[in-house]
Every structure is written in structure tokens, then in C-alpha cells.
Amino acid sequence: MKRPNNLTIYINYFFAFLFSISFLVAVNYLGLENYEKYILILSISTIFASTIYSSSIKSEIKNDVIKIDFTNSSIKILLVIALSICFYLIHRGNYFLVFFLLLTILYEFCYHLFAISFIKRNKTLGHSQFILATSIFKNLSLLFCIISYNLLNIIIIFYVFYFIVFIFNYKKININLVSNSKPLNIIDLFYVLIGSLIFQLDKIIGENLLSKNNYITYFLIFKFASSFQILGSLLTQPIRNKMISIERVSDEIKKKLSKIIFILFSLLIISNFFLFIAAKIDFFNLYIFKINFVNLMVFNFLALSIITHIYNGLYIDALFINGYSKILINIYLPILILILISLLLFQSLLIWSLIIFISQILLSILSFIKYKKYVQ
């Protein structure tokens, strides 16, 4: 069997990222309604999506069938959390957002099952093609602005088509969801939820605390900074796969991880030069985000937090795989409280991004200490 060309894979991921950015820029350019509501729901649904990803780490594949286990208690807790969020949205008078949230969670569920079917079988080329196709399809959904300038209505149409594709392809992806099994228990679930909140809490409560312009600007800067997450995931995937198989961070993995972090830091420096060039482009400043000192610092702090998370992510996953979810919760909870207090006290994008970066530094130090104590 011919091995897929890595260049083709990287090109697919690169254009998938460009299309995801172009979608957000196009929405801003077209001036579609409820942009900030879309960002809010997207951030909330990411918390639920993270449980699907985390369960895939502990999933098993036998006879080309992927088995994902959930305990009944975990499913009940997820339902309680979803209902709590729905009641909060209803309390704020956002009845339509409740419907949109449930659809978004369902979409994330379908999307990640598709993704897991490629990841677990180590079909990186297929995964890159799937991500690219989804990004293109999402951009094409903007053609429906001819009948509605409400972004939520347009996304719902996108969801409907996506669900149809999922239904017709579900049997082909060979995934079996099993309840009342051990692997993803309640402790694991709380670890996943709290961990995802560390990176999503600012986007969730920002819709209520920030002005509309600042909220959208913050999200767009974050999306640009997330390019380091995508690149980091690509570069670390081989060593992450090895870590999952041996269930520890070996000396060889540490050396390769250090080289990857150095590459990402170097690219961050280079990206700042491109942003200085983009500062001269009116379209970038008007429809993406204005390039000034504060926004540049926000971008760098968010990018540094992502790069730092790429480093500590291997140690965190090693603790998780080895059954130390309770230890991780004890690390995550104080950091999450620190983030929450800081976000409530300061409505400054610069301080918010700085706090996210500091939280990742703390997470790196604490996770490394716990890894040395319990795993190595």
C-alpha cells in the first residue's frame, strides 16, 4: 500500500485552517446578525466536544470496529450540564439559542465521531481531507445569506445537510458506543470538562462581559493564534501516538518535543513580522482585527499559551491515561478559579490573554511535578 505524501496532508490541513479563518472573516465582512451569539454557542459546545475526543484516547479498536465507552453516570452528568446551560439561556431570554445549542452539540458529536474514525485508524490523509471538506462545505453555506442575514439560520441549514451526510455514512465509520462501561468514568468526565473550561471560559463569559466589538476581536485573534495549535498537533502527532502506546513521556519523546517547541517559538517570531506587514492592509484592520500594540500583545500571549499547552499536553495525557484524573482535577480547579476571578475583575483583552498564558505556565509546572511523582 502506497504511503500518503506528508506534503499533501500538510497542504490539506493548511487550507482547512485558511477556510476556517475565511469563514469568520466573511461573516464579519457581510455583517451577518448574531455573530457574537454564534461564538458563544461554539465555545460552549467545545466543552462537550472535548469529552468525545478524550473518550477516543481510551477507546479500543477490534476487527476494525471502534468501541467508545461511557458510564451511565457520565451521560447523566452531561445531560444535567446541558440542561443547566439551557435554563441559563432561557433565563436571559435567548429561547432560540437553546435550540441552536442543542443542534450545535449534536453537530459536534457527529463531527468528532467522523474525526475519531480516521484518527483511531491512523488514517491521517483521510482525516486531513475530512477537515478540509468540512471547512469548504461550511464556507459554501454562506451562500444562503441571499435568503437570510442571520448567521444562526445559515448555520442551521449547514447542520441539516451535515446530519444527512452523517446518517448515510454512520455504518461506514464502524463506531460502537457502549454505555455502562468503565473507561470514561465520572472522575474522567470532570477532568475533561474542567480542562476544556480553562481554554474556553474566557470565550464563554466574554459574550456577557465584553462589548460586541471587543468580543469578536478577541475571538478572531484567538483563531489566528490557534494556527499554532494546528501546527503543533501535526508536529507532535507521531510522538503523541508513541506516548499513548507506551503510556509515558520517554527521553526520546522529550527531546523531540523540545525541538518542536523551539520551532513553534521561532515561527511565532516570524508571524509577528507578517502582522507588521498586515498592519498596512486596510481590509485586515477593518474585517479581521486592528493591528495595534494591545492586539499584538494579545495575539502573542494567546499564541504562547497554546505553545505552552502543546508542551504540557503530553504530560497531562500521560497522567490521564495512567488513571490520575483526580490528580489533574486538583491541578485544574485552582487554575480555573484563578482565571474566573481575573476575568470577572478585569474586562481587558490584554489582561485576559496574559492570565490564560500564566495559567498554562502554572499547568506546565504542576503537571510536570505530578508526572515525575506518579508516572515516571
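What follows draws every value from the coordinates through simple rules; no lab data is involved. Keep in mind it's a predicted model, so treat the numbers as computed, not measured. Heads up, the Cβs are rebuilt from the backbone with ideal geometry, glycines too, and the neighbour counts pull from every protein chain shown.
Some observations on this one:
- Computed lengthening from I81 to F163, 0.36 nm per intervening residue step minus Cα-Cα distance: 27.2 nm
- Cβ-based charge dipole, the chain, positive-most Cα from F168, N34, Y88: F168
- Global geometry of region 74-162, whether rounded, prolate or oblate, following the gyration tensor of its Cα atoms and the 1.5 cut on a/c: oblate
- Gyration tensor (alpha-carbon) shape descriptor, region 241-376, a/c threshold 1.5: oblate
- Total formal charge among the other residues, if their Cβ is under 11 angstrom from that of I41, Lys/Arg +1 and Asp/Glu -1: -1
- Summary of packing: across the peptides 338-348, 26-36, the per-residue average of other C-beta atoms within 10 Å ranks them, highest first, as 26-36, 338-348.
- Part-to-part distance (alpha-carbon centres) for region 119-139 and region 281-336, which is given in Å: 24 Å
- The chain: relative contact order as a whole-number percent, Cα under 8 Å and 6+ apart: 22 percent
- Matching the structure-derived Cα extents along the principal axes in Å against the labelled list [x] 204, 74, 47; [y] 50, 49, 44; [z] 72, 53, 39 gives the label [y].
- In range of the label at R121: residues from region 147-175 whose backbone nitrogen is under 14 Å from the point 7 Å along Cα→Cβ: 169-175
- At full extension, I263 and A278 could sit 3.2 nm farther apart than now, given 0.36 nm per residue minus the alpha carbon distance.
- Charge dipole of region 188-376 about the Cα centre (unit charges at C-beta), most positive-ward option of F346, I356, P238: P238
- Cα centre as origin, Lys/Arg/Asp/Glu Cβ charges: the chain dipole, Debye: 1000 debye
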